[in-house]
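In what follows, a structure is listed as structure tokens, so that the remarks can point back to it.
Just so you know, all these numbers are worked out from the coordinates, no wet-lab data involved. Bear in mind the structure is a predicted one, so any value in this text is a computation, not a measurement. Cβ placement follows ideal geometry from the backbone for every residue including glycine, while neighbour counts extend to all protein chains displayed.
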Amino acid sequence: MYGVSLKSLLLLILLVLYSQGKAQLFNGDNYVVIQGNEGEADRIRKAVHVVPSLRQLQWQELELTGFLHFGINTFTNREWGDGTEDPKLFNPSQLDARQWVRACKLAGIRSVILTAKHHDGFCLWPSRYTEHSVKNSPWKGGNGDVVQEVAAACKEYDVGFGIYLSPWDRHEASFGDSATYNDYFVNQLTELLTQYGKIAEVWFDGANGEGPHGKKQVYDFNRWYALIRKLQPQAVIAVMGPDVRWVGTETGRGRETEWSVVPADAQLQETIAAHSQQQLAFVPANRMEEDLGSREQLRKAKSLVWYPAETDVSIRPGWFYHASEDSLVKTASELMDIYYESVGRNGVLLLNIPPDRRGLLCDADLKQLAEWTRLRQQTFKNNLLRKASLRTSGRNARALVDHQSSTWWTTQKNDTIGVIEFQLKQEQECDLLLLQEAIQNGQRIERFVVEYREGAEWKWLTEGTTVGYKRILRFPLKRVQFLRIRILSSRLNPMLAEAGLYRQAR
Ligand code: FUL
């Protein structure tokens, strides 16, 4: 280093460190077109350079979001109303939106979505465009606005606020007269997007139970999307929308192999609608067998898009509150399983907790939520890898345990495989592994295996396929001092942001 001053040497070291672990964000796009003649290598390269938009990345980092199904069904004890319900039935005795949002916040839920209008067309806000709303209910003498109360509580507790607005409307007479209904919908959407502050997510349900002889309404989705982008540009548009994909089940358990980069067909409105609820009675669909993003899919794709999975599930059997389900609230340990198989499978969990007829969340639900939160906090308190010594065939391994998603471990040159070895100070009991990819650089890892050392021999502990934003794997309790993660297959260089080894709380 002849003739190099200490200052410029330090600068050089800083630059190298920066370029290794912190390349620029968003160097790609969340959509790419593939030409018919492009071979596997080009397709893989293109798939890797499809990255989340800023709003998608911020949404993914929320991990936990809440759903609040509340409306006329709460008072008729139904899941799908038919639109003929008398608004006078809506009369919560103690409605307290602050209680809903506070409970969500305590449970680590960082954004909530309220059913402003479900399929029955009844509006939880006093819309100027219909009489079928809270304004004709006895609640607060017809002067109440549930949307406003939830929005205000979200603001108070610093929780994101999202709206569910059902396109399928069984009350509105213009439904089926496409142009007129689309105007009606735009008017309602405009009210919601302009009167309640910042909107984090807009959830358009694909459900439609009209059946083959029912009303045929052609939705003007593009007009709705343009309106949202104009009025609330940071809001993600979910399900019948371009930013967030319905995972394909209402069980809360995502796919073991979950790609956020998928052929853009998955985003076509007709495809989503065909996959959505269409039964006259409410029957949850299941599309979990589908392979959405494997190399096989890339081979056939004409374009690719970043379209991450949202895993919605209710804490109870139904989406709306039914007293008969008070004893069927999912237990904290079931919610843990759901957490591991939604957030831990590269998805965002959208957990529904429905307020009851009083307009309150029930004790039974609150109790399980609190216990679930305790279990999560205790489980993830102590990352056993944090103080381990590290050896790797790649570079920047310390980034794996720095609790920052903006830094990452990666391999040398063009290596698509790599090894990271951890040596703990002493043997520790563990039964859970957590990995996170630096998804701002795309989703890359296709297969990995985790091994522990016994004597001189490395033994299988667990294995997985995709990682994505977060992958959690559980395995039988094991005492471990030497652990290694081998990336066996990746689309270009693997880039891991975090690794964790834990023991599950009981
Ligand atoms: C479905 C709806 O039909 C259900 O009632 C519920 O709102 C669920 C979240 O989405 O498509």
* Enumerate the lysines that LYS155 could reach by cross-link, defined here as Cα to Cα under 17 Å, with residues fewer than 8 away along the same chain left out. => LYS105, LYS198
* **Cα-projected label distance for SER389 with ASN143, points at 7 Å along beta-carbon direction, nm** => 7.2 nm
* Are any of the pairs LYS425/LYS470; LYS46/LYS216; LYS46/LYS230 more than 32 Å apart by Cα-Cα distance, and if so, which? -> LYS46/LYS216
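As a check on your grasp of the helix formula, calculate [θ] at 222 nm for the chain: sum -39500 (n - 2.57) over DSSP H runs of n ≥ 4, divide by the residue count, round to the nearest 500. Provide the component values of the computation, followed by the final result.
Numbers: 12 runs with 131 residues, N = 506.
Per the formula, -8000 deg cm²/dmol.
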* Built amide H within the under 5 Å cut-off of ALA438, gap 5+ -> MET495, LEU496, ALA497
* Distance from region 55-105 to region 307-326 (C-alpha centre basis), Å -> 11 Å
* **Exposure proxy order (Cβ contacts within 10 Å, fewest to most) of CYS104, CYS430, CYS362** => CYS362, CYS430, CYS104
* Asked: In whole percent, what relative contact order does the chain give with Cα contacts below 8 Å and a gap of six or more residues?
  -> 17 percent
* Asked: So for LYS117, LYS330, LYS302, LYS413, fewest C-beta neighbours within 10 Å to most, what's the order?
  -> LYS413, LYS302, LYS330, LYS117
* Straight-line reach from LYS88: which lysines have Cα under 17 Å away, leaving out those fewer than 8 places along the same chain? -> LYS117, LYS135, LYS140
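Counting Lys and Arg as +1 and Asp and Glu as -1, each charge on the Cβ, what is the dipole of the chain about the Cα centre in debye, to the nearest 20?
On the way: 62 positive and 60 negative charges, 424 e Å.
So the magnitude is around 2040 debye.
Is region 363-485 best put as rounded, prolate or oblate by its Cα gyration tensor, with a ≥ b ≥ c the root eigenvalues, rounded for a/c under 1.5, and otherwise prolate when a/b is larger than b/c, oblate when not? Walk me through the intermediate numbers first.
Values: a/c = 1.92, a/b = 1.33, b/c = 1.44.
It comes out oblate by the Cα gyration axes.
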* Among LEU375, PHE482, GLN412, whose Cα lies farthest out toward the positive end of the dipole of region 350-505, if unit charges sit on the beta carbon of Lys, Arg (+1) and Asp, Glu (-1)? -> GLN412
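Return the FRET efficiency for the residue pair VAL33, SER178: r is the Cβ-Cβ distance, R0 is 35 Å, and the value is rounded to the nearest 0.05.
Values: r = 30 Å, r/R0 = 0.86.
Using R0 = 35 Å, I get an efficiency of 0.70.
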* Would you mind checking region 194-211 for residues with the amide N under 19 Å from a putative spin-label position 7 Å along Cα→C-beta of ALA226? => 194
* **Cα-based reach from LYS459 at 18 Å (exclusive), listing lysines while leaving out same-chain residues under 8 positions away** => LYS478
* Asked: Two-decimal Rg/Rh of region 139-234 from alpha-carbon positions, Kirkwood Rh?
  -> 1.01
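Over region 310-458, calculate the relative contact order: mean separation of alpha carbon pairs under 8 Å at least 6 apart, over the residue count, as a percent. Walk me through the intermediate numbers first.
Details: 149 pairs, mean separation 26.0, N = 149.
RCO, region 310-458: 17 percent.
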* Asked: Given +1 on the Cβ of Lys and Arg, -1 on the Cβ of Asp and Glu, and no further charges, what dipole in debye does region 293-379 carry about its Cα centre, rounded to the nearest 20?
  -> 500 debye
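Using the Cα centre as the reference, give the magnitude of the dipole from point charges on the C-beta atoms of region 92-178 (Lys, Arg: +1; Asp, Glu: -1; all else neutral), rounded to the nearest 20 debye. Please report the intermediate quantities before stating the final value.
Details: 10 positive and 10 negative charges, 65 e Å.
About 320 debye.
Compute the FRET efficiency between VAL218 and THR84 as 1/(1 + (r/R0)^6), taking r as their Cβ-Cβ distance and R0 = 22 Å, and round to the nearest 0.05.
Working: r = 24 Å, r/R0 = 1.11.
Efficiency, from the Cβ-Cβ distance: 0.35.
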* All other residues with a Cβ under 13 Å from the Cβ of ASP363 taken together, and with Lys, Arg as +1 and Asp, Glu as -1, what is their net charge? -> -2
* Which of GLU40, GLU454, GLU149 comes first, and how do the rest follow, when ranked by fewest Cβ neighbours within 10 Å? -> GLU40, GLU454, GLU149
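Quantify how much of the Cα-Cα distance distribution of the chain extends past 28 Å, in percent. Intermediate values should be presented prior to the final figure.
On the way: 71807 of 127765 pairs.
Here the tail beyond 28 Å accounts for 56 percent of pairs.
Run the numbers on region 29-146 and let me know its relative contact order in percent, using alpha-carbon pairs under 8 Å that are six or more apart. List each step's numbers first, then the result.
Working: 143 pairs, mean separation 29.0, N = 118.
Relative contact order, region 29-146: 25 percent.
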* Net charge over other residues, Cβ less than 9 angstrom from the Cβ of ARG78 (K, R count +1; D, E count -1) -> -4
* Structure fact -> Rounded to the nearest Å, the spacing of the alpha-carbon centers of region 117-148 and region 445-506 is 51 Å
* What is the Cα centroid distance between region 418-442 and region 334-376, reported in whole angstrom? -> 27 Å
